[in-house]
Amino acid sequence: MTNEFVPPKVWTMEQENGGQWASINRPDSGSRLEKVLPVGANPIQLHSLATPNGQKVTIMLEELLALGITEAEYDAYLINIGESDQFSSGFVAINPNSKIPALSDNSGTKAVRVFESGAILVYLADKFGHFLPKDFAERTETLNWLFWLQGSAPYLGGGFGHFYAYAPEKFEYPINRFAMETKRQLDVLDKQLANNTYISGDEYTIADMAIWPWYGNLVLGNLYDAAEFLDVESYPNLMRWAKELEHRVGVKRGRIVNRTWGEEWEQLRERHSAADIDAVLSKEPK
């Protein structure tokens with residue numbers, strides 16, 4: 001007698017597979033409900049949630065605003081993925097893949113939709129001329145690390161994070177498999193940061209903004225409650241970088257936008273002006 005799963009000849013979804021997000025997972029795409037997205041007064045409209053992928057974009061926008069670029073003003077509306085907001089007709093029109101974040105730029109004569117967090121970072125960097133080096137070799141190095149993140153984070157999130165923190169049962173094989181890969185990735189970053197101030201060199205770029213919400217939050221103990229399990233203190237260069245970025249104005253402000261959990265001073269459901277963030281951060285204990 002064995003409990004080993006034998007895959008069927010043709011896979012079909014017969015029931016929910018369990019876990020925290022089981023009710024929203026299906027093998028088909030497209031909208032499931034009719035719903036028009038709200039539109040604010042600012043040129044940039046963001047529809048998101050403060051998961052690591054969502055934080056990438058709000059950090060970028062807050063960093064731009066910190067430079068005095070008022071054209072980067074934005075409205076940020078909450079997409080509650082637990083209630084399937086990402087499958088509304090309005091959201092799917094911006095992102096047919098139904099994943100946060102999604103952005104609409106209404107500053108021109110025709111609205112431009114941008115989806116996939118990495119694509120949004122490149123779009124904003126090119127649009128405003130910051131955080132992506134002009135030098136061709138340096139730009140390429142930054143994009144190397146941005147695409148590293150886009151390819152690596154699913155192993156951390158959908159792999160390690162799912163089986164370690166969210167799966168209905170804990171199984172040794174997938175946890176060990178993805179813990180090993182996560183630690184390999186942490187080692188890659190630690191070695192890169194041994195001789196560099198920031199991820200792609202001495203300049204703070206969109207590579208840092210993309211990687212910090214995942215790996216910075218992880219080693220700082222803000223993701224999956226797994227810092228001790230992964231022995232993150234054994235990556236001193238990564239820890240140094242993560243702590244330094246944590247105190248940047250853009251990071252402190254961007255990480256709380258579209259957040260509905262944590263301390264009171266960490267939660268901002270919607271953002272329409274700088275005053276919204278100021279009001280929330282003023283509640284932080286001194």
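Derivation of every value follows stated rules applied to the coordinates shown; laboratory data play no part. Just so we're clear, the structure is a prediction, and the values are computed from it rather than from any experiment. So basically every Cβ, Gly included, is an ideal-geometry build from the backbone, and we count neighbours across all protein chains shown.
Calculate the all-directions average of the projected area of the range 136-253's alpha-carbon convex hull, and give it in nm².
Mean shadow area of the hull around the Cα atoms is 7.2 nm².
Can you pull out the trypsin sites (Lys or Arg not before Pro) in the range 124-153 whose DSSP state is coil and whose Cβ has at most 16 other Cβ atoms within 10 Å? Provide the component values of the computation, followed by the final result.
Numbers: sites: 127, 134, 139; in loops: 134.
Sparse-neighbourhood loop trypsin sites (Lys or Arg not before Pro): 134.
If you filter the range 107-186 for GluC sites (Glu not before Pro), then keep DSSP loop positions with at most 13 other Cβ within 10 Å, what is left?
Passing both the DSSP loop test and the Cβ count: 169.
The range 202-250: which chymotrypsin sites (Phe, Trp or Tyr not before Pro) are DSSP loop and have at most 16 other beta-carbon atoms within 10 angstrom?
229
Tell me the net charge near residue 239. Cut-off is 11 Å between Cβ atoms, residue 239 excluded, with +1 for each Lys or Arg and -1 for each Asp or Glu.
Taking every Cβ under 11 Å from that of residue 239, the sum is -2.
For the range 136-253, what relative contact order do you get, as a whole percent, if you take Cα pairs closer than 8 Å and at least 6 residues apart?
25
So what's the back-of-envelope 222 nm ellipticity for the chain, counting only DSSP H runs of four-plus at -39500 (n - 2.57) apiece and dividing by all residues, rounded to 500?
It comes out at -11500 deg cm²/dmol, rounded to the nearest 500.
For the chain, modelled as a GNM with alpha-carbon contacts under 10 angstrom, which of 192, 15, 267 fluctuates the most?
In this elastic network of the chain, the residue with the biggest mean-square fluctuation among 192, 15, 267 is 15.
Rg(Cα) of the chain divided by 2.2 N^0.38 Å?
1.04
I need 85, 187, 225 ordered by Cβ neighbour count within 10 Å, fewest first.
Lowest count first: 225, 187, 85.
Of 127/243; 35/110; 252/286; 56/252, which ones are farther than 18 Å apart at the Cα?
Pairs exceeding 18 Å: 127/243; 35/110.
So what is the relative contact order for the range 28-90, in percent, with contacts set as C-alpha pairs under 8 Å and at least six apart?
Relative contact order comes out at 54 percent.
Lys and Arg at +1, Asp and Glu at -1: add these up for the other residues within a Cβ distance under 14 Å of residue 171 and post the number.
Counting the neighbours of residue 171, the net charge comes to -1.
Would you mind working out the magnitude of the charge dipole of the range 46-189 relative to its Cα centre, with +1 at each Lys and Arg C-beta and -1 at each Asp and Glu C-beta, to the nearest 20 Debye?
320
Would you work out the relative contact order for the chain, in percent, from Cα pairs under 8 angstrom that are 6 or more residues apart?
For the chain, the relative contact order is 21 percent.
What is the local net charge at residue 59, summed over the other residues whose Cβ is closer than 13 Å to its Cβ (Lys, Arg +1; Asp, Glu -1)?
After counting each charged neighbour, the total is +3.
Express in % the proportion of alpha carbon pairs of the range 33-147 at distances exceeding 18 Å.
50
For the range 92-143 and the range 171-195, write down the distance between their C-alpha centroids in whole Å.
Their Cα centres are 28 Å away from one another.
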